[in-house]
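Novice: This is the structure I have questions about; it appears just below.
The values are calculated or read from the model by the stated rules, or taken from the named source; none is laboratory data. Source: prediction; values computed, not measured. We place every Cβ from the backbone using ideal geometry, glycine too, and count neighbours over all the protein chains shown.
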Amino acid sequence: MRKQSKNKLYGTKMNKKKIIVTGGSGDLGQALIPKLVSDGYDCISISKKSSRNKLVKNIKCDITNFQKLNLVINKFKPDIIIHLAGLTGNIACETNPKKAFLYCYGENFTKRGFSSMFKKAISGKKIQVFGGDQILDLLHFNDAIHAILKSITYNKTEIFNIGSGETQSLISIINKLKKIMNNDVNYALRPYRGFEVKTCKLNINKAKKNLKFKPSTKLDDILYKMVSKWS
């Protein structure tokens, strides 16, 4: 039996397809990496912060530090790089809109974004609603992971829109929460902020056809789960 060689820097096996996940300590990275490991990929994570995920080695690196980033990439020599690094906090996104990473949500990752808003609302805390009539296409983390895994095994280089394929206004989502909770949501309606996208509607037909991607998680179902979990 031939021995499996190891990379001295990272201690990872060299006979698997190798993947670097940038932003591996973020919510989507934390949800994706266990699935990659389970599917047999050899992964490392690159992140500015320490990772809560102990399944793979996390290299602390700001991806805007190109010298250090190139060093990590050149030593690990990945077959695939999954780029998930980006900003998710509202204030940070307002300051750096080009670095924003929005519209993913989930019941298990609630520190930022819409997931945080939903949890606060369900828990009876007052939330800030900016605008309210913006049209959203919210994608559950599980569906985002599904799309990423599909793209890994796709044998062409193309650009795909990945979304839920469904849109609704923020106010309509709040009204759904009211109905599910059978209680009011305590919110303050504020003017739009400068960085707000008033309409996010993604055409995912190409992803459905070529990647065979089909979102399966319904926002309404997750809202019921959230209410059951936090109310």
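Novice: Give me the residue from region 206-231 that is of a type in the set (Ser, Thr, Tyr) and assigned to a helix (DSSP H, G or I) and, out of that set, nearest to the chain's Cα centre (by Cα).
Specialist: Tyr224
Novice: Quick one: is Ile33 at negative phi and either in contact with a helix residue (DSSP H, G or I) (Cβ under 7 Å, 6 or more places away or on another chain) or free of Cβ contacts under 8 Å to residues at least 12 places away in the same chain (or both)?
Specialist: Numbers: at negative phi: yes; either in contact with a helix residue (DSSP H, G or I) (Cβ under 7 Å, 6 or more places away or on another chain) or free of Cβ contacts under 8 Å to residues at least 12 places away in the same chain (or both): no.
No: the conditions fail for Ile33.
Novice: While we're on this one: With the checklist (1) out of contact with any His (no Cβ under 7 Å at 6 or more places or on another chain); (2) under 27 Å from Leu139 (Cβ atoms); (3) touching a residue at least 60 places away in the same chain (Cβ under 8 Å) in hand, flag the one item Thr22 doesn't pass.
Specialist: Unmet for Thr22, out of (1) out of contact with any His (no Cβ under 7 Å at 6 or more places or on another chain); (2) under 27 Å from Leu139 (Cβ atoms); (3) touching a residue at least 60 places away in the same chain (Cβ under 8 Å): (1).
Novice: What is the number of the single condition among (1) under 21 Å from the mean Cα position of the chain (by Cα); (2) farther than 27 Å from Tyr224 by Cβ that Thr157 does not meet?
Specialist: (1)
Novice: Here's a check for you: in region 198-231, which residue that is more than 17 Å from Tyr105 (Cα to Cα) and of a type in the set (A, V, I, L, M) is surrounded by the fewest Cβ atoms within 10 Å (Cβ to Cβ)?
Specialist: Among them, the one singled out is Leu211.
Novice: A further question follows. Can you spot a residue in region 155-168 that is assigned to a strand (DSSP E or B), touching a residue at least 12 places away in the same chain (Cβ under 8 Å) and in contact with a Phe, Trp or Tyr (Cβ under 6 Å, 6 or more places away or on another chain)? Write out each step before concluding.
Specialist: Initial filter on region 155-168 (assigned to a strand (DSSP E or B)): 168.
Subsequent filtering for residues that are touching a residue at least 12 places away in the same chain (Cβ under 8 Å) retains 168.
The next check asks that each one be in contact with a Phe, Trp or Tyr (Cβ under 6 Å, 6 or more places away or on another chain); those that pass are none.
No, region 155-168 has no match at all.
Novice: Sticking with this structure for a sec: Return yes when Asp184 is outside the structural domain of Asp27 (by TED's automatic domain parsing), crowded, with 19+ Cβ neighbours inside 10 Å and acidic (Asp, Glu) and no when it is not. Steps first, answer last, please.
Specialist: Numbers: outside the structural domain of Asp27 (by TED's automatic domain parsing): yes; crowded, with 19+ Cβ neighbours inside 10 Å: no; acidic (Asp, Glu): yes.
Answer is no for this residue.
This table checks each residue for (1) modelled with pLDDT of 95 or more; (2) crowded, with 18+ Cβ neighbours inside 10 Å; (3) of a type in the set (A, V, I, L, M, F, W, C); (4) not assigned by TED's automatic domain parsing to the domain that holds Tyr154.
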position: Ala31; (1), (2), (3), (4): no, yes, yes, yes
position: Leu36; (1), (2), (3), (4): yes, yes, yes, yes
position: Gly40; (1), (2), (3), (4): no, no, no, yes
position: Ser47; (1), (2), (3), (4): no, yes, no, yes
position: Ser50; (1), (2), (3), (4): no, no, no, yes
position: Leu55; (1), (2), (3), (4): no, no, yes, yes
position: Ile59; (1), (2), (3), (4): no, yes, yes, yes
position: Asp62; (1), (2), (3), (4): no, no, no, yes
position: Asn74; (1), (2), (3), (4): yes, no, no, yes
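Novice: From Asn142, Asn203, grab the single residue that is assigned to a helix (DSSP H, G or I) and out of contact with any helix residue (DSSP H, G or I) (no Cβ under 7 Å at 6 or more places or on another chain).
Specialist: Matching residue, one of Asn142, Asn203: Asn142.
Novice: Here's something else I'd like to know. So how many residues does region 40-60 have that are assigned to a loop (DSSP other than H, G, I, E, B) and more than 19 Å from Asp27 (Cβ to Cβ)?
Specialist: First, pick out the residues of region 40-60 that are assigned to a loop (DSSP other than H, G, I, E, B): 40-41, 48-56.
Subsequent filtering for residues that are more than 19 Å from Asp27 (Cβ to Cβ) retains 40-41.
Of the residues in region 40-60, 2 are assigned to a loop (DSSP other than H, G, I, E, B) and more than 19 Å from Asp27 (Cβ to Cβ).
Novice: Then there's this: Within region 60-86, track down each residue that is touching a residue at least 24 places away in the same chain (Cβ under 8 Å) and of a type in the set (A, V, I, L, M, F, W, C).
Specialist: Residues satisfying the conditions are Ile63, Val72, Ile73, Phe76, Ile80, Ile81, Ile82, Leu84, Ala85.
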